[in-house]
Structures are given as structure tokens and as C-alpha cells.
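Step one of this worksheet: look at the structure below.
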Amino acid sequence: MATAADLDRPADSLDDFRKEARAWLEANFDPALKGHDNAMSAVDGPTAETPAQKKWREAMGDKGWGVPTWPTEYGGGGLSRAEARVLQEEMARIGAWNPIGGMGVMMFGPTLLEYGSEEQKQAHIPGIVRGEVRWCQGYSEPGAGSDLASLQTFAEDKGDHYLVNGQKTWTSGGQWADKCFALVRTDKSQKHAGISFLLIDMESEGVETRPIRLISGASPFCETFFTNVKVPKGNLVGREGQGWEIGTRLLQHERNSLSGGSGSAARMNAGNTVPEIAKKYRGTDAEGRLADADLRTRIIRHEMDQRAFALTLRRAALEAKGNAGPSAATSVMKNVGARITQDRAELNVEIMGMQGLGWEGEGFSREELEQTRTWLWGKAVSIYGGSSEIQNNVIAKRILGMLDHQ
Ligand SMILES: Cc1cc2nc3c(=O)[nH]c(=O)nc-3n(C[C@H](O)[C@H](O)[C@H](O)COP(=O)(O)OP(=O)(O)OC[C@H]3O[C@@H](n4cnc5c(N)ncnc54)[C@H](O)[C@@H]3O)c2cc1C
């Protein structure tokens, strides 16, 4: 596991590791896979994996390098954070991508490592490390979104198992998931202390998913119904009634990943920056600059925000030397990241004019249609993982220490 000393280690002491990583990546990453993506993270479901992609996923899974800092006893890479950064650099150098991902990596795995029993870690972490098991998040309900603790899905104690009844909504990837980490009510008399954290097999009898179609045209998430679903007692994580503590810890991991803390923002920007799009659609003056001075200023402001944000994320990661994991400050990052993502989409669509307003048809290129859908999808960024208003509440209370009436 990472230690504070790792971060201070001089770069040249990592030279041996760099050589090892470089040799292994060159032997295992097929250059023909450059530009492909990780099927585990795709919001539109698992794409058909080619034999070469499967081989790469299996190689990374065996090595544990898809989750490089997770402990080796559960199949993780066991690398220090400094080594993991070197690995990331070496992968970027040859255009290799991480084939392991999804909610298991982003949020469930780190939470189970902290709160799960030894038996649960042995049962669930290796499948995540090897990219073989897809997890979904069963938190939100029709009457429990921002006010999550109002959730009503009930797990009734039946001796050796729970009988689960209720409805979840906005379950991302629910229709493709193997398993669900869910917040359920085990005690109706107490709001927060009556919540438990339960692992539910999506193949269980009584689980039904219905995909919801979005403004962007995709159906990446579902309404999920539980009707008399039998869940073994061994699937309870932590104690009965500890679900609120465990569930909110998981949300910190989620917000950390969504803010770009795990590099997702950088991936989203690859190859289509706002200045590149502006030059293409608005043209340049004799000096090679964008002719529209106002647009130029706004693009520069956006670029500065984006770079400052990327540097701040990097600094925050370096400062988290105690390895205590994400804190309430991830709410600040989530909000800033969401604003920058939405600003970028707005700018792109504005710059492209009519070409940025296509839904389908021959008059638009694939990239143009993608920009329109990215803009529409971007509306969700300030909602999922906890809305911006709720993050502001978290910042006010937990970071600034303000009271409810202030
Ligand atoms: C793309 C996407 C994917 C998602 N994936 C999942 C998933 O996989 N699993 C899952 O469990 N959930 C998922 N969600 C649900 C998401 O977490 C909720 O949508 C979110 O928590 C907001 O809840 P809500 O939609 O019920 O809105 P509401 O809670 O009804 O809020 C409506 C509006 O009121 C504001 N508001 C509410 N309460 C307050 C308050 N106290 N103070 C100030 N403003 C307030 C909100 O900020 C928002 O603007 C997803 C949502 C989206 C959009």
C-alpha cells in the first residue's frame, strides 16, 4: 500500500520499476488497440469485446495493474502511488488504456476494502480486479434522491436471509450489471440508523430492470424493482444500521472519481479541445488567431479554468499523503468539475452553430452529432453523484462549519 514516503521518493529510484512496467506493457499491449475504450466503463453497456481486447483485459487483470494500488492479497497490483503514477505515464506513452473499470473500481471496491469482512473481500474484490463482474448502485428511489435517507426499500429479517421489497431508480447500467450494492431499510422507526448496506445478486428471482430513455437518446440507466427477493444474511456489509455511514463513505469515492480525480476528465477531452473546434468552425485571421475577440477571450478563460482545475486535482492528490481517502472537499471538486464540463459543452455547441444542433441525418458528421449528445448528456453532470445544490450544502456544513440557519 502507498505510504507518504512514496510520494517524496526521488524519481530516479523508480527507474527500475519504469523499466519493468515498460517491458511488460510492450509485451502485453497490442498497439492495434490504441484508441479503443474500456468496455467495463461504457455507459451504453458492454460493447462486444474483441479477442484482442479480452486478452488485454485478462493480462491486466492477472497482473492487478487495473487497480494498481489495491492490496495483492485480493489480486490488486500492490504498487505505491508513485509507482502507479509511473505505470500511468508508461501507459499514456504507448496509448494503452485501462481495461478494468466501472462502479466496482470507482466506488464499491474501495468501500468494501474498508468495511467488508475478510470473507466478503475474498468473494468480491478479485472479480472487480479482473474486470469480470459488473456492479450497479442501488441508492436512489422515486422519493429518495437528494434526501437519500428517506429511502423505503425494505429488507425484512427472515432468520437466515432478508426478504427485499421496493423500487430503486436511475440505476446506471442496471440492465447489464451482475450485482448491486444497495442501501435498504432494516428498521422503519429510525431514519438514518435504520439503513443497511446490502449486496444483491441481479440474477436473483424477483429483480426486474426497466431501462429509462434520456434526452440524449441513450438508455444508460433503469428503474429497478425488487419483489420478494431473497438475500443471504452474509451479504450485509458492516452491521445492520451502519448503512448510512458506509453509504456516504462510498459517495465520497464516487464524487472523487466523477470530479476527474481518477483521470476521467482528461480522457473526455482527448483530441477535441475547444480551441481546436473553434479554429475549425470559426476560422482564423491573418495572424492565425480566432477572428472573434469575444469568443477568444471566453475560450481562454475556459482553458485557464480547466488547467487550473487539473493542477488543483493533482495537488490535492499529492497532499492526501496520509492516505485517508477522499474527504468532504471532494464536493468542491465535483461542483467545479461539473461546471467546467458543462461550460465546455456549451462553448462547443455555440461555436458549431447549426452544426451543433443535429440529432441525426446526413447533414451532420459523426463528431458533430457526438458534440450535441455530449451537450445534452452534460445536463446530468450537476445532478448525478449528488446535485450541485446538495454539494453546496455539504461544503457549507462540513467544510465551512456553518449551521443550518446561517
Ligand atoms: C445520469 C445519472 C445517473 C445516475 N446514476 C445513479 C445510480 O447508478 N444509482 C443511483 O442510486 N442513483 C443514480 N442517479 C440518481 C442521482 O443520484 C439523483 O438524481 C440525485 O441524487 C438527485 O436526486 P433526484 O433526482 O431525486 O432530485 P431531487 O432530490 O428531487 O432534487 C431536485 C432539485 O432540488 C434540489 N434540492 C433538493 N433538495 C435540496 C436541498 N435540501 N437544498 C437545496 N436544493 C435541493 C436538487 O439540487 C435538484 O436541483 C443518477 C442520476 C443521473 C442523472
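The values are calculated or read from the model by the stated rules, or taken from the named source; none is laboratory data. For clarity, every value in this text was computed on a predicted model and none was experimentally measured. Quick reminder, even Gly has a Cβ in these numbers, built from the backbone with ideal geometry, and neighbours come from all protein chains shown. For accessibility, only protein heavy atoms count, side chains too; no ligands or nucleic acids. Shrake-Rupley method; radii C 1.70, N 1.55, O 1.52, S 1.80 Å.
Just to be sure before I move on: is Gly401 within 14 Å of the ligand (Cβ to nearest atom), outside any helix (DSSP H, G or I) and closer than 27 Å to Tyr139 by Cα in the structure I sent?
Details: within 14 Å of the ligand (Cβ to nearest atom): no; outside any helix (DSSP H, G or I): yes; closer than 27 Å to Tyr139 by Cα: yes.
Considered against the rule, which asks whether it is within 14 Å of the ligand (Cβ to nearest atom), outside any helix (DSSP H, G or I) and closer than 27 Å to Tyr139 by Cα, Gly401 comes out as no.
Number of residues in segment 370-389 that are surrounded by 18 or more Cβ atoms within 10 Å (Cβ to Cβ) and away from the ligand (no atom under 16 Å from the Cβ): the value is 2. Has segment 283-294 got any residue that is surrounded by 15 or more Cβ atoms within 10 Å (Cβ to Cβ) and at pLDDT 80 or above? Scanning segment 283-294 turns up at least one residue that is surrounded by 15 or more Cβ atoms within 10 Å (Cβ to Cβ) and at pLDDT 80 or above.
Applying the criterion of being among the polar types (S, T, N, Q) and either touching a residue at least 60 places away in the same chain (Cβ under 8 Å) or in a loop (DSSP other than H, G, I, E, B) (or both) to the residues of segment 171-194, the residue that is least open to solvent (accessible area, probe 1.4 Å) is Thr186. When segment 150-170 is filtered for residues that are open to solvent by 30 Å² or more (accessible area, probe 1.4 Å), within 16 Å of the ligand (Cβ to nearest atom) and in a loop (DSSP other than H, G, I, E, B), only Gln152 remains.
Counting only residues that are more than 23 Å from Trp70 (Cβ to Cβ) and either open to solvent by 30 Å² or more (accessible area, probe 1.4 Å) or away from the ligand (no atom under 16 Å from the Cβ) (or both), segment 126-149 holds 6 of them. All of Gly247, Gly241 fail the test of being assigned to a loop (DSSP other than H, G, I, E, B) and open to solvent by less than 40 Å² (accessible area, probe 1.4 Å), apart from Gly241.
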